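A short reminder: the numbers here are calculations on the coordinates, not readings from a lab. What you see is a predicted model; the values in this text were computed from it and never measured. Glycine gets a Cβ as well: all are built from the backbone with ideal geometry, and neighbour counts include every protein chain shown.
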Amino acid sequence: MADLKKNIQYVKGVGEARAKKLNKLGIYTLEDLITYYPRDYEDRSKIKKIAELQDGEKCSIEGIVVTSLNVRMLGRYKSIEKVIIRDETDNCMVTWFNQPYIKTQIKKGETYRFFGKMSIKNGVKELNSPVFEPISQNNKTGKIVPVYPLTYDVKINEIRKIMQNGLDLVGNFEEVMPRYILDKYNLIDYDKAIKQIHFPVDFESFRKARRRLVFDELFTMQLGLLKLKAENNEEIKGIKYDENVNMSDVINDLPFKLTKAQLNVLEEINSDMEKERPMNRLLQGDVGSGKTIVAMIAAYKAVKSGYQVAILAPTMILAKQHLDNFEKILGKYGIKCEGLVGGMTAKQKRLALERIESGEANIVIGTHALLEENVNFNKLGFVVTDEQHRFGVKQRSKIIAKGENPDVLVMTATPIPRTLALILYGDLDISIIDELPPNRKHVETFAVSKKLETRINEFVKKEIEKGRQCYVVCPLVEESEDPEAPKLKSAVELAEEYKTKIFPNFKVECLHGKMKAKEKDEIMEKFKNKEIDILVSTTVIEVGVDVPNASLMIIENAERFGLAQLHQLRGRVGRGEYKSYCILKCNAVNDIVRERMEIMTKTDNGFTIAEKDLELRGSGDFFGTKQHGIPEFKIANLFQDMEILKEVQSLAIHIIGQDENLEKEENKPLKKLVEKKFPSNVEITI
């Protein structure tokens, strides 16, 4: 078997120049090539009769060429090539564009097999730009052909040939799964699975191949996560908080009523806090569902039981917002809140550190600065973090080492369907706030084409003249090599156009991820203080800063975002007393884009949107697996593969329960698989 780490450049048909193109697809090695799975398949195996064909149908037909090829030039470089073919049922015109060389490849009186798209107008059948070959061959037609995700400078036929060369180079693939698992779950061999996923002999072979590869991918992920959790969650004694400290002291004193969902979650958290086992709870709640107030009330119980609380925020401005809110609600109970962020003067930081170490500061709210070595807590017992600042294994041990096995609450505004969350997070307890407070404004959402740009700009003008503010979100920051780039404007370019041409009388600023943290915070602060009318931004504004005066969000090229992300972005408006709007501007429009945009206009339920996002896009993008080190899904789709996911989870739990370190002889192949997927030098967050 060839070395799978072999540079792609040395696979037959690649070479240095083509290797650079393949690198853009993430293909650097032979292994990357082999695991670059098709996104779809064309069934060219079924030969149809010409008389049976429907308009718009992609089909394979066989026919004898009954006319000589007619080449008509349209100017110097353009041409149309036409020929008529016939089978025993009917005639059909075959047309190509700008391919005069076909004259040397097709001969009158010979029989060929064609595959292309049929067009029928006024009873005339025409096959447009088909692939073809003599019926004696079987390279391009008469079989199931893979369709791969590509960039504009890699042709589909090139990658098919390279893939076949790669498979030939490897020869026979080594089995990676123990035989007892293959037998128990009726899985085909890895060698057969890899070959049939790329070039299936029929769709039954494809289904078996896909099931095997999905099983491997999900099983390895589950094993790896469970093994990691077992290593990091040994039986440790936590804090048993005072049962006489009642959360209701704060709840009954609030200037608003909590929702039933918030009260249920607080009951779950309270129950956790009164047990000796350290709390490790994930709190899911849609944008604006009131997760922060839940964290505040839990923090009250921790402080009044004699412990300190750490609140980790992803940005300085969000840390300040939390600080204001915590002081406003909890200050009256004698609870002292302290901020710790980058940008403090040396004196401010020194005094803050002293108050934290002495225990004078009860609740400490900060950015990653909280994790620094010189931050010493007096008695840390409760830690709250959010999805934008997930604990890595190393970060978690850092913060835990600062306290006495503190309780941990992780807050996320990305709704994950509950069954999925339970499987993905395994032993993490899960709470869900699945209703919005009654005062939360519905954001009216419209999906429009670029043609309505003038009307949209008029609407922006009206809202700003009423005293409101507007967000404009772009998917790009700078020029991209993406073939669609000419159609897309970066945040920087659009901000400049708004400033100089479209809205010269309004205050326009730009915000993007490549700015320094201090600069970003200053711009958000100005926007919050109504010193900016229009904020043109990339998705960095997803993180929950409240700007109650912002009533309008425009999302450029909305088709390039996932539904869950669009929902997060939309949640930035509708936070005040004013009627709010979200306008989704779409460039490319097809059936899937229309369906996705329709979902956004019809519902503001984050869980419904999350389910649909998962169904339409698959799980790789949805979970942003790259950002927390979990292996990327190359073939599994958590929505359609739920049954396999359940199977592998129970198998993984059983195996780790019997053989935590995968040291038994029969499980050694699994250990190799897990180590390959979860390298020790990669930081995993759970």
16 Å Cα-Cα reach of K6 towards lysines, excluding residues that sit fewer than 8 places from it in its own chain: K20
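How much net charge surrounds Q9 when only the other residues with a Cβ under 13 Å from the Cβ of Q9 are counted, with Lys and Arg +1 and Asp and Glu -1? Mind showing how you got there, number by number?
On the way: positive: K5, K6, K12, R18, K20, K21; negative: E16, D32.
With Lys, Arg at +1 and Asp, Glu at -1, the net is +4.
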Among N139, V674, A302, pick out the residue whose Cα is farthest towards the positive end of the charge dipole of the chain, where Lys and Arg carry +1 and Asp and Glu carry -1 on C-beta, about the Cα centre. N139
Mean shadow area (nm²) of the C-alpha convex hull around region 443-603 is 9.1
Reciprocal of mean inverse Cα separation for region 184-293 (Kirkwood radius, Å): 18.9
Computed over the chain: longest principal axis from alpha-carbon atoms vs helix 291-304 long axis, angle to nearest 10 degrees, is 30
Over 22 Å between C-alpha atoms is what I'm after, so list which of K585/K612; K514/K634; K501/K579; K499/K530 land there. K514/K634; K501/K579
Residues listed by number, region 67-93, amide nitrogen under 13 Å from A51 label point at 7 Å toward C-beta: 87-91
Going by alpha carbons, how many degrees (0 to 90, nearest 10) lie between the helix axis of 668-677 and the longest principal axis of the chain? 80
In what order do H322, H512 fall by count of nearby beta-carbon atoms within 10 Å, going from fewest to most? H512, H322
If we count chymotrypsin sites (Phe, Trp or Tyr not before Pro) as exposed when they sit in a DSSP loop and have at most 14 other beta carbons within 10 Å, what is the longest stretch of the chain that avoids them all? 257-686
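At a threshold of 8 angstrom on Cα-Cα distance, excluding pairs fewer than six apart, so keeping six or more, what relative contact order does region 46-142 reach in percent?
Details: 228 pairs, mean separation 28.5, N = 97.
Taking the mean separation of contacting Cα pairs over the length of region 46-142, I get 29 percent.
What is region 248-433 by shape, rounded, prolate or oblate, if you read a ≥ b ≥ c off the alpha carbon gyration tensor as root eigenvalues and call it rounded for a/c under 1.5, prolate for a/b larger than b/c, and oblate otherwise?
prolate
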Set of lysines with alpha-carbon distance to K347 below 26 Å, sequence-local pairs under 8 removed: K320, K328, K336, K379, K398, K402, K516, K518, K520, K526
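Find the Rg to Rh ratio for the chain, where Rh is the Kirkwood radius over alpha-carbon pairs and Rg uses the same atoms.
Values: Rg = 29.9 Å, Rh = 29.1 Å.
Result for the chain is an Rg/Rh of 1.03.
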Please sort by residue number the trypsin sites (Lys or Arg not before Pro) in region 90-139 whose DSSP state is loop and whose Cβ has at most 16 other Cβ atoms within 10 Å. K107, K108
Over all Cα pairs of region 46-97, the Kirkwood radius sets Rh, and Rg/Rh then becomes 1.05
Calculate, in nm to one decimal, what K328 and R594 gain on full extension: separation in residues at 0.36 nm each, minus their alpha carbon distance. 91.3 nm
Please give the calculated 222 nm ellipticity per residue for the chain, where each DSSP H segment of at least 4 residues contributes -39500 (n - 2.57) and the sum is spread over every residue; nearest 500 deg cm²/dmol? -11000 deg cm²/dmol
Between T104 and D429, what is the label-point separation in nm under the 7 Å Cα-to-beta-carbon projection? 7.6
How high is the relative contact order of region 500-541, given as a whole-number percent (alpha carbon pairs under 8 Å, six or more residues apart)? 54
Using a cut-off of 17 Å between alpha-carbon atoms, which lysines can reach K58, once sequence neighbours fewer than 8 places away in the same chain are excluded? K46, K48, K49, K117, K121, K125, K140, K143
